[in-house]
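> What follows is a single structure, and I will ask about it in a moment.
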Amino acid sequence: DQQVKQNSPSLSVQEGRISILNCDYTNSMFDYFLWYKKYPAEGPTFLISISSIKDKNEDGRFTVFLNKSAKHLSLHIVPSQPGDSAVYFCAASGGSSGYALNFGKGTSLLVTP
Amino acid sequence: KAGVTQTPRYLIKTRGQQVTLSCSPISGHRSVSWYQQTPGQGLQFLFEYFSETQRNKGNFPGRFSGRQFSNSRSEMNVSTLELGDSALYLCASSLDAGGVLNFNYGYTFGSGTRLTVV
């Protein structure tokens, strides 16, 4: 049963604009949420994380927002750059799954010049 | 600082054979996890090792096993290979403090081993 869902398989954004990637989860026991970026034939690269006790975390161009009541998080990339084109995965950890990461199916982001 | 190293990068095996994949974590990382990525199921957790002990296991059959050595290097083994085991197998390592992982830095993944079963 998929506990982490990314309902948009793909997203296209113009360079310089904001990219917003969304993620929903079902398990209220998750206590950490992470975003990863992945290029083909490479392993995922960690971008940013957020603890369940926070509602926002920022690192440079990347900001993650957490809405626990809605069981929803989002990743904002501002400004978007062509090099940001990749597949983005949302992951959650905690509860009975311990340190295991439960991944969404990913959203493919294309940033066009 | 060297990243997570996985060997081999590519592997072709025949149904019924067994395979061993290797992972060397970042120096100082004691937690090593394994994930399977397939087009249909996405990224799925296999198991996590810490200080040579398996702390958690995903929902995979007993044909999938692993171990961790005293230097934190890890291996995973798949016996009696099936066509459906064809996947990208990813290893990840993480910093810890007294066994508690620090997710402020996330897990660092290797580039994976692409296993094809024919």
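The values are calculated or read from the model by the stated rules, or taken from the named source; none is laboratory data. What you are looking at is a predicted structure, and each value in this text was computed from that prediction instead of being measured. Neighbour counts run over all protein chains shown; Cβ positions are idealised from the backbone, glycine included. For accessibility, only protein heavy atoms count, side chains too; no ligands or nucleic acids. Shrake-Rupley method; radii C 1.70, N 1.55, O 1.52, S 1.80 Å.
> Given the criterion polar (S, T, N, Q) and modelled with pLDDT under 95, identify the matching residue among A:S28, A:S19, A:S74. Spell out how you get there, then give the answer.
Numbers: A:S19 fails: modelled with pLDDT under 95; A:S74 fails: modelled with pLDDT under 95.
Step by step, each of A:S28, A:S19, A:S74 is checked, and only A:S28 is polar (S, T, N, Q) and modelled with pLDDT under 95.
> Considering only segment B:62-83, I want to know if a residue exists there that is acidic (D, E), within 10 Å of another protein chain (Cβ to nearest Cβ) and in contact (Cβ under 8 Å) with a residue 60 or more places away in the chain.
Residues of segment B:62-83 that are acidic (D, E), as a first pass: B:75, B:82.
Remaining after also requiring within 10 Å of another protein chain (Cβ to nearest Cβ): none.
Taking every residue of segment B:62-83 in turn, none turns out to be acidic (D, E), within 10 Å of another protein chain (Cβ to nearest Cβ) and in contact (Cβ under 8 Å) with a residue 60 or more places away in the chain.
> Only one residue in B:Y49, B:Y10 is surrounded by fewer than 14 Cβ atoms within 10 Å (Cβ to Cβ) and under 27 Å from A:K37 (Cα atoms), so which one is that?
None of the other options fit; the residue is B:Y10.
> Within segment A:87-113, track down each residue that is surrounded by fewer than 16 Cβ atoms within 10 Å (Cβ to Cβ), assigned to a loop (DSSP other than H, G, I, E, B) and within 14 Å of another protein chain (Cβ to nearest Cβ).
Within segment A:87-113, A:G98 is the sole residue that qualifies.
> Identify the single condition in (1) open to solvent by 30 Å² or more (accessible area, probe 1.4 Å); (2) of a type in the set (S, T, N, Q); (3) within 12 Å of another protein chain (Cβ to nearest Cβ); (4) part of a strand (DSSP E or B) that B:N59 does not satisfy, given that it satisfies every other one.
Tallying (1) open to solvent by 30 Å² or more (accessible area, probe 1.4 Å); (2) of a type in the set (S, T, N, Q); (3) within 12 Å of another protein chain (Cβ to nearest Cβ); (4) part of a strand (DSSP E or B), B:N59 fails exactly one: (4).
> Sticking with this structure for a sec: So which residues in segment A:1-23 are within 22 Å of B:L43 (Cβ to Cβ) and loosely packed, with under 13 Cβ neighbours inside 10 Å, if there are any at all?
A:D1, A:N7, A:P9, A:S10
> Another question, if that's okay. Please indicate, with yes or no, whether at least one residue in segment B:103-112 is away from every other protein chain (no Cβ under 12 Å), modelled with pLDDT of 95 or more and not in a loop (DSSP other than H, G, I, E, B).
no
> Here is a list: B:G16, B:G84. Which entry is open to solvent by 30 Å² or more (accessible area, probe 1.4 Å), assigned to a loop (DSSP other than H, G, I, E, B) and at pLDDT 95 or above?
Details: B:G84 fails: assigned to a loop (DSSP other than H, G, I, E, B).
The conditions single out B:G16.
> For segment B:92-100, indicate whether the set of residues that are away from every other protein chain (no Cβ under 14 Å), out of contact with any Ser or Thr (no Cβ under 9 Å at 6 or more places or on another chain) and farther than 14 Å from B:L11 by Cα is non-empty. Working first, answer last.
Just the residues of segment B:92-100 that are away from every other protein chain (no Cβ under 14 Å), to begin with: none.
No, that holds for no residue.
> Are any residues in segment A:44-78 open to solvent by 10 Å² or more (accessible area, probe 1.4 Å), within 14 Å of another protein chain (Cβ to nearest Cβ) and either of a type in the set (D, E, K, R) or touching a strand residue (DSSP E or B) at 6+ places or on another chain (Cβ under 7 Å) (or both), and if so, which ones?
A:T45, A:F46, A:L47, A:S51, A:S52, A:K54, A:N57, A:E58, A:D59, A:F62, A:L66
> Tell me, please, whether a residue that is closer than 22 Å to B:L101 by Cα and of a type outside the set (A, V, I, L, M) can be found in segment A:4-24.
The answer is no, given that none of the residues of segment A:4-24 is closer than 22 Å to B:L101 by Cα and of a type outside the set (A, V, I, L, M).
> Separate question: Go through segment A:26-40 and report how many residues are open to solvent by 10 Å² or more (accessible area, probe 1.4 Å), facing chain B (nearest Cβ under 10 Å) and closer than 15 Å to A:Y99 by Cα.
2
> All but one of (1) within 13 Å of chain A (Cβ to nearest Cβ); (2) assigned to a strand (DSSP E or B) hold for B:S22; state the number of the condition that does not hold.
For B:S22, the failing item is (1).
> State whether one or more residues within segment B:38-47 are over 27 Å from A:Q6 (Cα atoms), touching a residue at least 40 places away in the same chain (Cβ under 8 Å) and within 14 Å of the chain's Cα centre (by Cα). Show your work before the answer.
Initial filter on segment B:38-47 (over 27 Å from A:Q6 (Cα atoms)): none.
Checking segment B:38-47: not a single residue is over 27 Å from A:Q6 (Cα atoms), touching a residue at least 40 places away in the same chain (Cβ under 8 Å) and within 14 Å of the chain's Cα centre (by Cα).
> I'd like to check something: does segment B:87-94 contain any residue that is more than 22 Å from A:L34 (Cα to Cα), open to solvent by less than 10 Å² (accessible area, probe 1.4 Å) and part of a strand (DSSP E or B)? Break it down stepwise before answering.
Quick first cut of segment B:87-94, residues more than 22 Å from A:L34 (Cα to Cα) only: B:87.
Imposing the further condition that a residue be open to solvent by less than 10 Å² (accessible area, probe 1.4 Å) reduces the set to B:87.
If we keep only those that are part of a strand (DSSP E or B) too, we end up with B:87.
Yes, because at least one residue in segment B:87-94 is more than 22 Å from A:L34 (Cα to Cα), open to solvent by less than 10 Å² (accessible area, probe 1.4 Å) and part of a strand (DSSP E or B).
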